[in-house]
Each structure stands twice: as structure tokens, then as C-alpha cells.
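Readers should treat all values here as calculations from the given coordinates under stated rules, not as data from a laboratory. Just so we're clear, the structure is a prediction, and the values are computed from it rather than from any experiment. Cβ sites come from the backbone with ideal geometry, for glycine too, and all protein chains shown count toward neighbours.
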Amino acid sequence: MAWDALMVAAQAGDAAAYRQLLREIISWLKRYYARRLPPSMIDDVSQEVLLAIHAKRHTYDPERPFIAWLTAIARYKWIDSIRSLQSRETVPLDDDLPAPGDETTVTSPLSLERLLGTLKPSQAEVIRLVKLEGRSVEEASRATGQSISLVKVNIHRGLKRLVAWLGEIRDE
């Protein structure tokens, strides 16, 4: 169904037609803005257009092409977003940014292992699996034989203990 017909049906109260129209419009908007905006702004501006369409859908004239109405809204939202970029404050970056040395790369795994060594083995194991390897709590539960609840508790208590231990070291 053409967008014109979908919009007319939506104005008449057809919720399914309205949902279909919005689904189709969002992909068009993303392509439209891909050539005009930084990637980080595309979703936000597209959502603003959808909100504007929703708020002003009663103003659409079925005697006129829908694409022209949509393009006008998209263009105005694009201009608004460009203006907002100009009004944002920018902070110049320092030319003398500190770069980490290679010693961090070598000592980090050793320090991490030392830190985990201060924990109970059951806590260290689930923190390693979930927080370092990115496994799910369920996967860690299966791998360790701990219940899902116990995995969560061990992660919480282990991380709490690490934070406390690091605080003690910092205070010394």
C-alpha cells in the first residue's frame, strides 16, 4: 500500500495502517539522514520526525502527496538539528594527551589476577566468567555448578570486597 493511502487510513483510525506507515517511514528517514547527519544523531532526529508526524498527522491533506509533506517535516527537523550542533559548546583537546606506557599492558593482567586472588575461589571464578569473559549468569551457573542466585550473590559480594580492598590500599 502506498504511503498516501496508509496515511489516509491512519487518519481514519486504522491503527495497523498507521503502524505499517511508521515502520516504513523510519527506514526511509534513516537513509535520508545518513547523507546529512553524523551517525550518532540519525536515530534521535528520526524519532523527532516520527513524533512530529504523530502530533501533526491531522494536518496532512490527502489531496497532496504524502512524500512532500514528510520531506518538509524531515527537512525542518534536519535544519533544527544542524542549528543545535552550532549552539553546542566545544572544548578543544590538549595536544599533550598522556599516552599509557606498555607497562600497563604487562602489569594489568598480573594485578587483576592478584586482586582476584584476594577473593574466595567461588567469587573469583564467577567474576572471571561473567565480568571478564562476558558470559551470562546462566552460563556461569552451569559452568560452576552454583545456582543462578548464588552466582549473583558471589559476584556482588566479590566486587564489594574488591572495592573495599582497593579503598584500603588507596588510604595507605
Quick calc: nm separation of the 7 Å Cα→Cβ label points for Ala5 and Glu139 -> 4.7
Once label points are set 7 Å from the Cα along Cα→Cβ at both Ala164 and Leu85, what is their separation, rounded to one decimal in nm? 5.1
Take the Cα of Tyr76, step 7 Å along the line toward its Cβ, and report every residue of the range 42-56 whose backbone nitrogen sits under 14 Å from that point. 48-56
Spin-label model distance (nm) - Lys56 vs Val153, 7 Å beyond Cα toward Cβ: 5.8
Contour excess over end-to-end distance, with Cα ends at Arg64 and Ala15 and 0.36 nm allotted per residue: 15.5 nm
Working from the pairwise distances between different alpha carbons, so that the mean of 1/r is found and then inverted, what is the range 3-86's Kirkwood radius in Å? 13.1
Rounded, prolate or oblate, given the Cα gyration tensor of the range 115-171, with a/c below 1.5 counting as rounded? prolate
Which net charge results when you count Lys and Arg as +1 and Asp and Glu as -1 among the other residues whose beta-carbon is under 14 Å from that of Tyr33? +2
